[in-house]
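Worksheet: the structure to be examined is printed underneath.
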Amino acid sequence: MRVLGIETSCDETGIAIFDTERGLLSHCLYSQVKLHADYGGVVPELASRDHVRKTLPLIEQALAKAKLSAQDLDGVAYTMGPGLVGALLVGACIGRSLAYGWKIPAIGVHHMEGHLLAPMLEENPPAFPFIALLVSGGHTQLVRVDAIGHYELLGESVDDAAGEAFDKTAKLMGLDYPGGPRLAALAEQGRDQQYQFPRPMTDRPGLDFSFSGLKTFAANTIASAADDAQTRADIARAFQDAVVDTLVIKCRRALQETGLKRLVVAGGVSANKHLREQLEQFTQSIGGQVFFPRSEFCTDNGAMIAYAGAQRLLAGEQSDLAIIARPRWPM
Ligand code: KG4
Ligand code: ZN
């Protein structure tokens, strides 16, 4: 089964074609980063308009790259939510309509299920069951995954997502949008233990997170610190260490509590080098294993939507003719 995947939930237009027998056949990504940079964040109306401009040309490009035509497709998957409603509607309208015109089934996919399954596109995919740490700009969640569609939420952020904390702290430090990766790059220059940030909610039981306090802690630290390059890098390092430590502590707890040894980490923040290293080290220490998507599939992309949609279609699910976007949608 060959499935076209369409991702337009935020500021990337991601298109891909996944074949359930041959794997990923092609993928194309257009990032709107430059469009939103002047505004310091994503402007929803501009995002929707750019998805309108880019989605169809990218679909043509993905088909050409895979040396396929529309008649070779067996299904269309599009991100139905959560995300920006206008941006989602573009992908949903185009995806649902193309499937109708091509007389093939369509399926609306949950964006976080896409992220969660992204490591399945790698050479050595994890076997079920596993614990998934989903860390993106909008979500921080620990999920027990027993099979596709069998998800149990174990814990989540009660306020800001980890990526959001990275972005907001980066903004405080005067770094341009998108702040997360820039802050991570600055942290590489920082020295160890120059500042001590808290590890929120690690001193009590449970698997929930809270990251908004770290941003406030960073604001206070910046206000009372010197304004030179090394100090800024030291603060970035201390902030990143705190986020990563907190995530590792909660992953350890989730594995301990469930008795599982396999950990999957996905979403934009899973591209973070320090997080990857720390989780590799920790899972090795307990004889477990950690699985990540390749870097380009950590952040939003069409491949994860094509994959997740293909699994849903294979299981006999499909969406009806209504064009639906769900800006808020629990997984
Ligand atoms: O999954 P994603 O592309 O979009 C959402 O679904 O939210 O994640 C984007 C988030 C942003 O907050 C971005 O700053 C963060 O992932 N991010 C990173 C890194 N790369 C992306 N955060 C920390 N370190 C990185 N290397
Ligand atoms: Zn995402």
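The values are calculated or read from the model by the stated rules, or taken from the named source; none is laboratory data. Keep in mind it's a predicted model, so treat the numbers as computed, not measured. A quick note on method: Cβ atoms are made from the backbone with ideal geometry, for glycine too, and the neighbour counts reach across all protein chains shown. Accessible surface areas use protein heavy atoms only, side chains included; no ligands, DNA or RNA. Shrake-Rupley method; radii C 1.70, N 1.55, O 1.52, S 1.80 Å.
Things worth noting here:
- Of the helices (runs of 4 or more DSSP H) lying entirely inside region 86-205, those containing at least 2 residues that are in contact (Cβ under 8 Å) with a residue 12 or more places away in the chain and farther than 30 Å from residue 257 by Cβ are 162-172, 179-187.
- Residue in region 272-282 that is on the phi < 0 side of the Ramachandran plot and outside any helix (DSSP H, G or I) present: yes
- Among the residues of region 12-66, those identified as closer than 24 Å to residue 121 by Cα and in a loop (DSSP other than H, G, I, E, B) are 20, 21, 22, 66.
- The residues of region 139-171 that are of a type outside the set (D, E, K, R), surrounded by fewer than 19 Cβ atoms within 10 Å (Cβ to Cβ) and either over 29 Å from residue 310 (Cα atoms) or within 13 Å of ligand 2 (Cβ to nearest atom) (or both) amount to a single one, 158.
- Residue in region 42-53 that is modelled with pLDDT of 95 or more, under 18 Å from residue 98 (Cβ atoms), open to solvent by 60 Å² or more (accessible area, probe 1.4 Å) and away from ligand 1 (no atom under 16 Å from the Cβ) present: yes
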